[in-house]
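Reviewing the structure listed below.
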Amino acid sequence: MKVFTSNKTAAYCFSTVFLFAVWEAAAHTVNSPLILPFPGEVFKAFLLLCREMSFWQHVGATFMRCMVSFILSVVLGTGIGILCGASSFFKNFFSFPLEIIRATPVVSFILLALFWFTSSQVPVFVSVLMTLPVMTTATAQGFAKVDSNLDAMAHVYAFTGKQTFRWITLPSVLPFFLSGAVSAFGLTWKVVAAGEVLSLPAKGVGTLMQTAQVHLETADVAAVTFVIVVLSFGLEKLFAVIVTRNVKRTGDSVI
Amino acid sequence: MSGNALSIVDLSITRGEKKLYHNFYLEAETEKITCIIAPSGSGKTTLLDYIAGISLEHADVHGDIFFAGKTERPAVSFLFQEPRLIPSADILHNVMFPLVNVMTRESAEKRARLFLDRVQLSEKCTSLPDELSGGERQRASMARGFAYPSKLLLMDEPFQSQDLRIKLYLINTLRQLLASEKRTVLFVTHDVQEAVILSDRIVIMDGSPLKVILDERQVKKQNEAFVKRIASFVSGTAVL
């Protein structure tokens, strides 16, 4: 197991070094910082950005939009997922709209939402819309996987609704729900950033990227992208660790 | 109906195109073990589910059921084919879950521990079901069934998936529990040996829809009537 873990770490390190080497080589070949800046230049641009207070205000605004849209998506997605899992009518009722959302390109929703919402609200609305099918499907799947044999046992032994939910429904739904939440969390960052690039709110990393792009500051665009990747990846992993720990902890509680 | 803890009257169950039961009647005597033998897949589990009040999906059900002459369903214990223990809760809590709703938590724990001791699982109280063997899980299920204060115990081939040694051990445990805790038992199986070892009365069912083709009680009654008629004939009070 230890050998496997160290092999995995080595593979990750090698992969990272390889990617940077390819980037460096490609930048040398192109030899135009406007088209493809060197990794060193991007890192310098990143350090300069980090020193500016306004940069963190942009990051903070995007972070808040992500949190708001994620919470809304979890609440709405769980509610609709419960309805879909509990009733085949609701499952069929929501199936078509959710399929439409899945099939529609993000950019279409962003452009449409610009007519309906303020530039600050567009990324939130679009993010909720795009992550809703993920949460709904995950929650509904969890409900569909509830063990009907255990349900029958609970009925015979006159379990209370609370007991049935805590000990039979929740253990079945929770893994699906959490897996959906982690996926939705990762997706939120991407959609919010895309929404900000097109809607240009006063504060947001998407606005920052768009401004840098207009001013042909390619290194800045790459540096902001790097920040989004780090925040999205890091927070997604952190969220996954928190939920995994909480799932383990639920097994300790009593009746 | 006073002698019967359970009476099924004119039951018809149809699932899809298949008629599982049609104009079906069955009675189970109070505190006796009635064993139903029928082929696999014929609808035995469906009958027990109906008695236990478990909703029969995609089935059309007609008929009446009386528990000691009343239509109100009393508390029922059920030993399923599989132990059906909650995987995330330890054995003690699995036995306690139904009890905490009908008695105080302290009494529930005391009673759960008592029955776990009777099935010799007192040392496994804190184990999760996955940490037990198949036989131990079924014993935990028995402890739950007997700890639950019910008059009627339904058993759906609970020894089916066990090897012979464990099966005999489980049957012995069950007999000891039944000796101390009297219950009306309805036991379905397709294993004649299990039926002969455990039951007070055997009912054999077959056909589609299922119907009783041999009822030990009827045979005994007929034999008694025959013996009476012989006795009357011998004493000269009746003519054969």
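The values are calculated or read from the model by the stated rules, or taken from the named source; none is laboratory data. These numbers come from a predicted model, not from an experiment. Note that we place each Cβ from the backbone using ideal geometry, even for glycine, and neighbour counts take in every protein chain shown.
Reported count of residues in the range A:211-255, each being modelled with pLDDT under 85 and among the aromatic types (Phe, Trp, Tyr), is 1. Residues that are under 25 Å from the mean Cα position of the chain (by Cα) and within 13 Å of chain A (Cβ to nearest Cβ) within the range B:110-136 comprise B:112, B:129, listed in sequence order. The listed residues are A:22, A:75, A:3, and the only one of them that is surrounded by fewer than 18 Cβ atoms within 10 Å (Cβ to Cβ), at pLDDT below 90 and hydrophobic (A, V, I, L, M, F, W, C) turns out to be A:3. A single entry from A:38, A:14 fulfils the requirement of being more than 23 Å from the chain's Cα centre (by Cα), free of Cβ contacts under 8 Å to residues at least 24 places away in the same chain and surrounded by 13 or more Cβ atoms within 10 Å (Cβ to Cβ): A:38. So for the range B:143-164 (the condition being in contact with a helix residue (DSSP H, G or I) (Cβ under 7 Å, 6 or more places away or on another chain), away from chain A (no Cβ under 12 Å), within 21 Å of residue B:51 (Cα to Cα) and assigned to a loop (DSSP other than H, G, I, E, B)), does at least one residue qualify? The answer is yes, given that some residue of the range B:143-164 is in contact with a helix residue (DSSP H, G or I) (Cβ under 7 Å, 6 or more places away or on another chain), away from chain A (no Cβ under 12 Å), within 21 Å of residue B:51 (Cα to Cα) and assigned to a loop (DSSP other than H, G, I, E, B).
Yes or no, residue by residue, for (1) at pLDDT below 90; (2) buried (at least 16 other Cβ atoms within 10 Å of the Cβ); (3) within 14 Å of another protein chain (Cβ to nearest Cβ):
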site: A:87; (1), (2), (3): yes, no, no
site: A:93; (1), (2), (3): no, no, no
site: A:120; (1), (2), (3): no, yes, no
site: A:130; (1), (2), (3): no, yes, no
site: A:153; (1), (2), (3): no, yes, yes
site: A:165; (1), (2), (3): no, no, yes
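If you check residue A:42 against the conditions, is it of a type in the set (Val, Ile, Thr), in the same structural domain as residue A:226 (by TED's automatic domain parsing), in a helix (DSSP H, G or I) and out of contact with any Asp or Glu (no Cβ under 7 Å at 6 or more places or on another chain)? Please lay out each step first, then the result.
On the way: of a type in the set (Val, Ile, Thr): yes; in the same structural domain as residue A:226 (by TED's automatic domain parsing): yes; in a helix (DSSP H, G or I): yes; out of contact with any Asp or Glu (no Cβ under 7 Å at 6 or more places or on another chain): yes.
It is true that residue A:42 is of a type in the set (Val, Ile, Thr), in the same structural domain as residue A:226 (by TED's automatic domain parsing), in a helix (DSSP H, G or I) and out of contact with any Asp or Glu (no Cβ under 7 Å at 6 or more places or on another chain).
If you go through the range B:78-95 and keep only what is touching a residue at least 24 places away in the same chain (Cβ under 8 Å) and facing chain A (nearest Cβ under 8 Å), you end up with B:78, B:80, B:82, B:84, B:86, B:87, B:88, B:89. Scan the range B:50-59 and tell me whether some residue there is in contact (Cβ under 8 Å) with a residue 40 or more places away in the chain and part of a strand (DSSP E or B). Yes, some residue in the range B:50-59 is in contact (Cβ under 8 Å) with a residue 40 or more places away in the chain and part of a strand (DSSP E or B). Of all residues in the range B:49-83, which are surrounded by 21 or more Cβ atoms within 10 Å (Cβ to Cβ) and out of contact with any strand residue (DSSP E or B) (no Cβ under 9 Å at 6 or more places or on another chain)? Hit for the range B:49-83 is B:83, nothing else.
Per-residue answers, yes or no, for (1) touching an Asp or Glu at 6+ places or on another chain (Cβ under 8 Å); (2) surrounded by 14 or more Cβ atoms within 10 Å (Cβ to Cβ); (3) under 30 Å from residue B:120 (Cα atoms):
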{"position": "B:135", "(1), (2), (3)": "no, yes, yes"}
{"position": "B:205", "(1), (2), (3)": "no, yes, no"}
{"position": "B:208", "(1), (2), (3)": "no, no, no"}
{"position": "B:224", "(1), (2), (3)": "no, no, no"}
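So in the range B:48-77, with the set limited to residues that are at the interface with chain A (Cβ under 9 Å from one of its Cβ atoms) and of a type in the set (S, T, N, Q), which one is farthest from residue B:21 (Cα to Cα)?
The first filter runs over the range B:48-77 and keeps only residues at the interface with chain A (Cβ under 9 Å from one of its Cβ atoms), leaving B:49, B:52-55, B:57, B:75-77.
Filter again for of a type in the set (S, T, N, Q), leaving B:55, B:77.
On the way: B:55: 16, B:77: 23 Å.
Once the filter is applied, the top-ranked residue is B:77.
Exactly one residue out of B:146, B:159 is modelled with pLDDT under 90 and under 19 Å from the mean Cα position of the chain (by Cα): that is B:159. Taking the range B:81-95 as the range and being under 21 Å from the mean Cα position of the chain (by Cα) and either within 20 Å of residue B:123 (Cα to Cα) or among the charged types (D, E, K, R) (or both) as the test, the residues that pass are B:82, B:83, B:84, B:85, B:94, B:95.
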